[in-house]
Amino acid sequence: MKKLFLFMAALLLTMSSCHGHASREAASVTKGLTCSLSSWPRGCQTVDDSTNVFLKVSRVVDGDTFEGRIDDGGNPGVNPWARELTKIVIRVNGIDAPERGQYYGDVATLHLQWLINGKVVGLKLKQKDIYGRWIATVYLDGKDIADEMLSRGLAWHYKEHDSNPHYAQLETEARWNGFGLWCDDRPVAPWIWRTMSKDQRDAYR
């Protein structure tokens, strides 16, 4: 019972921290982490595009989506319960990788796993999508993960939602060189694949 009481007290403290204490807590978080663990993302979900957050990747869902927990850099001033409550899903900004079951979908997933699984990545957050995932530019050791996926031919530039000319150029170069999925003579964009019926997908295979 005592442990349960302590857990509830810690949870209430975490949830209430968004009301008046977020700025003081944010200042105590390790250098480079500008959003307080105990105030983000539950309750305080308005984040501007310049916010930098570090995330320890726990699972790669597919070639453009992964899960993780906020990494506090070992800062003893951060509420340990907050670390457990901040598991979030990230959608890599600017790319759309092949879906699982689609040609090169598994390859894209495995490559992203090899790149970031179990590692700490830096995020430049943009906004949440309709599925509740944070859209973010993702960095590992200063390298843009979207760059890597596009240059290897493991993703499309998601032009409907991103206008970065550098990403567009990387896709063009991968297409020209026949890298990855571009060695297929009839690649289907994932946003089209998602609208196809089972029969249409089976016919494509």
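What follows is calculated from the coordinates using simple rules that are stated; it is not laboratory data. On a predicted model such as this, the values are computed, not experimentally measured, just so you know. For neighbour counting, all protein chains shown are included, and Cβ atoms are generated from backbone atoms with ideal geometry for every residue, glycine included.
For the cross-link pairs Lys159/Lys198; Lys87/Lys126; Lys56/Lys126; Lys87/Lys198; Lys87/Lys159; Lys87/Lys124, the ones whose C-alpha atoms lie over 23 Å apart are Lys159/Lys198; Lys87/Lys198; Lys87/Lys159.
Altogether, the Stokes-Einstein calculation at 20 °C and 1.002 mPa s, with the Kirkwood radius of region 82-202 over Cα pairs as Rh, returns a diffusion coefficient of 141 µm²/s. Taken one residue at a time, the phi angles of region 127-140 give Karplus couplings (6.51, -1.76, 1.60, θ = phi - 60°) of 6, 8, 8, 5, 9, x, 8, 7, 8, 8, 7, 10, 10, 10 Hz. Gly and Pro are set to x. Between the beta carbons of Lys198 and Asp141, assuming R0 = 45 Å, the FRET efficiency works out to 0.65 to the nearest 0.05.
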